[in-house]
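What follows is a set of notes on a single structure, which appears directly below.
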Amino acid sequence: MSAPEPTTTPPAGRLRRWKAAYDSRASLRWAVDMGLLALIFVGVGLWQTRAHVRGGALPAFELKTLSGGAVTSSSFTGKPALLAFWAPWCTVCETESRNLGWAQTLVGDRARVVSVATAWQTPEQVTAYAQRNGVDYPVLLDEVGLADQLNVTAFPTVYFVDERGHIKGSAVGYTTTLGLVLRTLW
C-alpha cells in the first residue's frame, strides 16, 4: 500500500497563488503597497530618532525668548507641550513653521507649542525668520545647548512632552499638522 499524497501546497505553489491574487486585485495591491510604505516610514523615523532622549524629564534649562523674557523647564508641566527645534537656514523648517502655527491654533489651551531656535548666529537672524514665516508661537533662543542635551542632530526636530514634563517621543523632518496635534495630545 502506498502512502497518501500530502495535502499541503508546496511553498512555490502558494507563492504563485499569492502573486496571482496580488496581480488580479487592485485593493490587495494597494493594501500591500501602503503597508510597505508605512513600514519604511516607521523604520526611517525610528532610525532617525534612535539617539534621542526618551521617557525622562526635560533637562533643566532657562532660555531667553525673542521678546527678552525667559522660559524655564519647570514651566513645561501641567499640560502637554511640543518643542520644535529649528535653524534659520533650514528650508524644511520654514515649510513646517506653518504647521506649528496651525497646531497651536488646533490645540488651543490644551497644550503648548514652543519653538527653539538653534544653530543661529545673531538674534536678528532668528527675528527675520520669525517675521518672514509669520511665527505666532513662542520662539526660544538656545544659548545653553539644549539641542545638544537632547541629541538634536537634524532640523526640524520635534520633541513631545507630557503634562508631567517628561519626554514621550520625538520626530525628525517634516511633520504634518495632524501628526503634530495627535502626538502632542496623545
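The values are calculated or read from the model by the stated rules, or taken from the named source; none is laboratory data. Keep in mind that what you see is a predicted model, and the values were worked out from it rather than measured. As a convention, Cβ positions derive from the backbone with ideal geometry for all residues, glycine included, and neighbour counts pool all protein chains shown.
Determine whether region 69-85 contains at least one residue that is within 22 Å of Arg54 (Cα to Cα), surrounded by 14 or more Cβ atoms within 10 Å (Cβ to Cβ), aromatic (Phe, Trp, Tyr) and at pLDDT 95 or above.
yes
Can you confirm whether region 17-26 contains a residue that is under 16 Å from Val158 (Cα atoms) and at pLDDT below 85?
No: zero hits.
Considering region 14-44 alone, what residues qualify as being more than 30 Å from Gly173 (Cα to Cα) and either under 17 Å from the mean Cα position of the chain (by Cα) or among the basic types (Lys, Arg) (or both)?
Arg14, Arg16, Arg17, Lys19, Arg25 - these are the residues of region 14-44 that are more than 30 Å from Gly173 (Cα to Cα) and either under 17 Å from the mean Cα position of the chain (by Cα) or among the basic types (Lys, Arg) (or both).
For Ala128, only one of the following conditions fails: (1) surrounded by fewer than 17 Cβ atoms within 10 Å (Cβ to Cβ); (2) modelled with pLDDT under 95. What is its number?
Failing condition for Ala128: (2).
Among residues belonging to region 27-60 that are at pLDDT 75 or above and in contact with a strand residue (DSSP E or B) (Cβ under 7 Å, 6 or more places away or on another chain), point out the one that is surrounded by the most Cβ atoms within 10 Å (Cβ to Cβ).
Ranking the candidates gives Leu58 first.
Please note which strands (runs of 3 or more DSSP E) are completely contained in region 37-128 and include at least 1 residues that are of a type in the set (Phe, Trp, Tyr).
Fully inside region 37-128 and qualifying: 81-86.
Among the residues of region 101-115, count how many are touching a Gly at 6+ places or on another chain (Cβ under 9 Å) and either of a type in the set (Val, Ile, Thr) or without any contact (Cβ under 8 Å) to a residue 12 or more places away in the chain (or both).
Selection size over region 101-115: 1.
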